[in-house]
Amino acid sequence: MQHAFPFLETHIAVKFSIPRHSIFGILLRSPWWVSIMLAIALSALLAAFIPREYVFFAIVSTFPLLLVGLVAGWRQLHMPSQERRAAVLTQANQMNWDTFSKNSLESWRILGIHATASEHAGADWRIAQEGKYTLVYARRWKAAVHGLEPLRQLAEAMEATGIHHGLYFAVEGELSPPAQRYAREHNIQVWSGDSLSLFLLGKLPPNAE
């Protein structure tokens, strides 16, 4: 299926499976120089405290950190510009539900995340990644103000299905303060603005859990 967003980049099919909450997963989402500086600092520390004949091997052991830094740098260099992000949000705002839904499902597929229709009316999709399930509520993506009711529906769906993670889409409208507090209390993450634009461009937002 062709993705309707013209800005969507082609992704390389080969993906490395790195747990998101491992040290390398965290570093991949951090500024590229964090991994580089950590590798340099660790190399200097090892060189200062281990016998000279083992220094080379100790320094080589920090190469994975350098590699992570290079990969993170490459990803950050190829992040979509603010203009592209704004354009894709504008386009999403003009779509009907069927079109937005189809393109969201295509973005999940490109990201390697399995998405299926939710069995509960309080959510739109159930997504699965690394053995963790999340319920997604997206049908009010164009709302100007997001209140408690859709979040309550999502929380009820999470409780009914035994799924402990929720995700809510909001293109540009803001959640009311009570809705923001409710989302935090019920483990519901909100993708709006930059986060949602990155997703629609086929890239996982840095704040994705």
In the stretch 109-159, which residue that is charged (D, E, K, R) and closer than 18 Å to residue 186 by Cα is nearest to the chain's Cα centre (by Cα)? 132
If I filter the stretch 131-141 for residues that are part of a strand (DSSP E or B), closer than 30 Å to residue 27 by Cβ and touching an Asp or Glu at 6+ places or on another chain (Cβ under 7 Å), do I get at least one hit? yes
Name the residues in the stretch 86-114 that are surrounded by 14 or more Cβ atoms within 10 Å (Cβ to Cβ) and either outside any helix (DSSP H, G or I) or not assigned by TED's automatic domain parsing to the domain that holds residue 145 (or both), would you? 95, 111, 113
Does the stretch 115-125 contain at least one residue that is buried (at least 20 other Cβ atoms within 10 Å of the Cβ), under 30 Å from residue 81 (Cβ atoms), modelled with pLDDT of 95 or more and among the charged types (D, E, K, R)? yes
Residue pairs, Cβ under 8 Å, 6 or more apart or interchain, first in the stretch 120-136 and under 18 Å from residue 101 (Cβ atoms), second among the charged types (D, E, K, R) and not in a loop (DSSP other than H, G, I, E, B). List them. 120/156; 122/156; 134/126; 135/126; 136/126
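The values are calculated or read from the model by the stated rules, or taken from the named source; none is laboratory data. Computed from a predicted structure; not experimentally measured. In this analysis, Cβ positions are derived from the backbone assuming ideal geometry, glycine residues included, and neighbour counts consider all displayed protein chains.
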